[in-house]
Amino acid sequence: MAKIEQNFAGKKYTVIFDDTVDDLQFKALRYGTDWRDLCGDGLILAMLHRVEELQEMLADRDVPVCSRCGEMRETKRVGQLFYCSTCREE
Ligand SMILES: [Zn+2]
């Protein structure tokens, strides 16, 4: 059981997988608004898990990728994660 949320292209796209709720959610947002239902899309789910693995590997190596928006830019460590200046302000 997990909730995964990843942003792509800055925050243009957000993919949300959440099986911690009774009514499983797997969907894509575009500019923060519901865009696509992804239920049953194993390819996107596999890619989402791969992105998470890669982010964890990069964080272990102190590669500065923002944990929230996924962009590689100036980041600061906040606990276990890195955030860019834009995401730290939110
Ligand atoms: Zn960011």
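The values are calculated or read from the model by the stated rules, or taken from the named source; none is laboratory data. What you are looking at is a predicted structure, and each value in this text was computed from that prediction instead of being measured. Cβ: placed from backbone, ideal geometry, glycine included. Neighbour counts: every protein chain shown.
Could you look through segment 1-34, keep only residues that are of a type in the set (Lys, Arg) and more than 11 Å from the chain's Cα centre (by Cα), and pick out the one that is modelled with the lowest pLDDT?
It comes out as Lys12.
Does Gln55 satisfy being without any contact (Cβ under 8 Å) to a residue 40 or more places away in the chain, within 16 Å of the ligand (Cβ to nearest atom) and either out of contact with any Lys or Arg (no Cβ under 7 Å at 6 or more places or on another chain) or of a type in the set (Phe, Trp, Tyr) (or both)?
Yes.
Given the criterion in contact (Cβ under 8 Å) with a residue 12 or more places away in the chain, in contact with a helix residue (DSSP H, G or I) (Cβ under 9 Å, 6 or more places away or on another chain) and away from the ligand (no atom under 16 Å from the Cβ), identify the matching residue among Phe8, Phe82, Phe26.
Of Phe8, Phe82, Phe26, the one residue that is in contact (Cβ under 8 Å) with a residue 12 or more places away in the chain, in contact with a helix residue (DSSP H, G or I) (Cβ under 9 Å, 6 or more places away or on another chain) and away from the ligand (no atom under 16 Å from the Cβ) is Phe26.
Tell me, which residue of segment 29-52 that is β-branched (Val, Ile, Thr) and within 18 Å of Gly10 (Cβ to Cβ) is farthest from the ligand (Cβ to nearest atom)?
Residue satisfying both the conditions and the ranking: Thr33.
Looking for something under 12 Å from the mean Cα position of the chain (by Cα) and either among the hydrophobic types (A, V, I, L, M, F, W, C) or at positive phi (or both) - is there at least one such residue anywhere in segment 57-67?
The answer is yes, given that some residue of segment 57-67 is under 12 Å from the mean Cα position of the chain (by Cα) and either among the hydrophobic types (A, V, I, L, M, F, W, C) or at positive phi (or both).
So is Leu29 part of a strand (DSSP E or B) and of a type outside the set (D, E, K, R) or not?
When the stated conditions are applied, Leu29 passes them.
Condition first: out of contact with any helix residue (DSSP H, G or I) (no Cβ under 7 Å at 6 or more places or on another chain), surrounded by fewer than 16 Cβ atoms within 10 Å (Cβ to Cβ) and part of a loop (DSSP other than H, G, I, E, B). Now tell me which residues in segment 42-79 satisfy that.
Selection gives Arg61, Asp62, Val63, Arg73, Gly79.
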